[in-house]
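Read the figures in this text as sums done on the coordinates, not as results from a lab. This one's a predicted model, so the numbers in the text were calculated from it and none came from an experiment. Ideal geometry is used to build each Cβ from the backbone, glycine not excepted, and the neighbour counts take in all protein chains shown.
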Amino acid sequence: MLSGFTGGVHPPESKNTEDSTIEVMPVPKKVYIPFSQHTGKPATPLVKKGDDVKIGTKIGEADGFISASVHASISGKVIDIIDHAHPVIGSASCCIIEGNDSEDWVIDVNAERNTDDLTEAQLLHSIKEAGIVGLGGAAFPSHVKLSPPKDKKIDTLIINGCECEPVLTADHRLMLEHAATIIEGARVFQKILHASTLIFAVEDNKKNAIELFRDEDVRVAALKTKYPQGAEKQLIKAILKREVPRGGLPMDVGCVVHNVGTCHAALMAIKYGKPLIDRVLTVAGDGVREKKNVLVRIGTPVNSVIDFCGGYVDKPERVILGGPMMGIAQYADDVPVVKGTSGILVWPAEKAIEEGPCVRCAACVDSCPMGLMPTEICSFVKNKNFDMAKTYGLLDCIECGCCAYMCPAAIPLVHYFKYGKSEIWRRSKT
Ligand code: SF4
Ligand code: SF4
């Protein structure tokens, strides 16, 4: 077993839904589909109020290379295009579709294509047209990641099935229930990238998934269960012993990493022309009655998903989209599920813990997987000395939350780092 990287933490795993098979949520009556659900420019709207759409109708066109198209996830009528609450960026232009209770698709979902007959350009085109993005959380457009510059030779493709965030089990269930599709999707990615080596990376707390992949005759790297094992740079270090340079990307060391869910979604796009209109996510936490893994249409309001899971135990609650370490707390529960939503966690409201003074214990330094000095960076940000924060590696921070998790003074370090980064970005534009 590969032990991994320096730093990191091992919070209680709490993966209580790992035996919950994926349930398909009924089609929602109304969806709110943001034109921005990915890294890069928002998609350009292709529909207007009053238009009829079917499932899979392209409603937003990718605007430029680093962007992704968006599609209707239900059949019905566009009733408005307005700014609406967004789980990641606060607010964004959304297409609101009211359903007509039919399951009309814009494509023939039963028409299967032989992926062997397709050229690399056709494969990439299908992935781009379907609006496929990284489903591990970052939502980076997949066709971009699969198109490295010519001078970047890729020898290794790593398929990330670590799901190192506590609580989440959606990827684990996907691996158990759809291993063959994931492997086929991974081989398509390998063909596009001309990568000689394909490795599936799975943490050793998912032994059944590791065995399943090995039975399918693919190479599996079993990794020690440790957070953030699934972060790209840490994964590459653990498996290939290669160090992604500061400010660099995996392709700088001949490697590309894709999530298992992305492989599954891409294969469905290539084989059936199915756009990314739904995704599997974990619903968990003490504040929701039924914890489960659910296949949900993109644009479904979070409160509808919670209703499907038996509703809240009590109010008020704290709702987080994503995992407990990197997820984003929400102000309201009417935000829609977007392509990057890996989980909905509902916790009972907690007492606010007051931030105390730094006691110079260095627990944050020991836990940082990027080898940074969080306490120093935080101090520079607090003093608005952003140049020094940058010099100390603020932009290398992957916002994993290990430092804040370990901090005995309850200093919200990641909050300060996000603020510092946004200030550096804002100042670079003026
Ligand atoms: S949030 Fe940033 S500074 Fe803190 S441990 Fe993670 S990478 Fe290091
Ligand atoms: S863990 Fe918290 S208290 Fe300890 S050095 Fe880091 S910031 Fe200071």
What chymotrypsin sites (Phe, Trp or Tyr not before Pro) does the stretch 298-389 have in DSSP loop regions with at most 12 other beta carbons within 10 Å? 331
Using packing as a proxy for protection, rank 170-176, 290-296 so that the peptide with the highest average count of other Cβ atoms within 10 Å comes first. 170-176, 290-296
Cut-off under 18 Å on the C-alpha distance; same-chain residues fewer than 8 positions from residue 421 excluded. Which lysines are left, in chain and number order? 382, 384, 390, 429
For the stretch 25-99, inverting the pair-averaged 1/r of distinct alpha-carbon atoms gives a Kirkwood value in Å of 12.3 Å
Report Rg(Cα)/(2.2 N^0.38 Å) for the stretch 46-175, keeping two decimals. 1.25
When 93, 342, 422, 142 are ordered from fewest to most other Cβ atoms inside 10 Å of their Cβ, what list results? 422, 93, 342, 142
With just the Cα atoms of the stretch 294-396, tell me how far they stretch along each of the three principal axes, in Å, largest first. 47, 30, 24
Rounded if a/c is under 1.5, else prolate if a/b beats b/c, else oblate: with a ≥ b ≥ c from the C-alpha gyration tensor eigenvalues square-rooted, which is the stretch 233-322? oblate
Exposure proxy check: 283, 256, 70 ranked by fewest other beta carbons within 10 Å? 256, 283, 70
Given the C-alpha atoms of the chain, compute the convex hull and give its volume per residue in Å³. 143 Å³
Assuming R0 = 30 Å, what is the FRET efficiency of residue 187 and residue 295, from their Cβ-Cβ distance, to the nearest 0.05? 0.80
Tell me which aspartates and glutamates have Cα within less than 13 Å of residue 191's Cα, excluding those fewer than 8 residues away on the same chain? 116, 117, 120, 155
Under 5 Å between amide hydrogens, which residues at least 5 positions from residue 205 or on another chain qualify, with H placed 1.01 Å from N in the peptide plane? 225
Starting from the stretch 77-158, pick out the GluC sites (Glu not before Pro) whose DSSP state is loop and whose Cβ has at most 12 other Cβ atoms within 10 Å. 103, 112
Quick one: which residues, 5+ away or cross-chain, put their amide H under 5 Å from the amide H of residue 9? H built at 1.01 Å from N. 227
Listed with the fewest Cβ neighbours within 10 Å leading, 59, 182 appear as 59, 182
Please work out the ratio of the alpha-carbon Rg of the stretch 115-272 to 2.2 N^0.38 Å and round it to two decimals. 0.96
Roughly how far apart, in whole Å, are the Cα centres of the stretch 41-71 and the stretch 110-140? 17 Å
What list of ³J(HN,Hα) couplings, whole Hz, do you get for the stretch 296-305 from phi and the Karplus terms 6.51, -1.76, 1.60, once you set θ to phi - 60° and write x for glycine and proline? 10, 5, 4, x, 5, x, 4, 5, 5, 5
Label-to-label distance, nm, for residues given as residue 428 and residue 125 (7 Å Cα→Cβ offset): 3.5 nm
Can you say what percent of the DSSP beta bridges in the stretch 115-272, counting only those with both residues inside, are antiparallel? Round to 5. 5 percent
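Could you tally the net charge around residue 49, taking each other residue with its Cβ under 15 Å from the Cβ of residue 49, Lys/Arg +1 and Asp/Glu -1?
Details: positive: 30, 48, 77; negative: 51, 52, 80, 83, 98.
It works out to a net charge of -2.
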Straight distance only, please: which aspartates and glutamates reach the Cα of residue 274 with their own Cα at less than 12 Å, same-chain residues fewer than 8 apart left out? 108, 112, 129
Over the stretch 363-429, what is the relative contact order in whole percent, taking alpha-carbon pairs under 8 Å and six or more residues apart? 35 percent
Direction-averaged shadow area of the convex hull around the Cα atoms of the stretch 274-322, nm²? 3.4 nm²
Counting lysine pairs in the stretch 1-152 that sit 8 or more positions apart or on different chains, with Cα atoms under 24 Å apart, gives 28
Mind listing the phi-derived Karplus ³J(HN,Hα) values for the stretch 179-191, rounded to whole Hz, using 6.51, -1.76 and 1.60 with θ = phi - 60°, and x for any glycine or proline? 4, 4, 5, 4, 5, 5, x, 5, 5, 5, 4, 4, 5
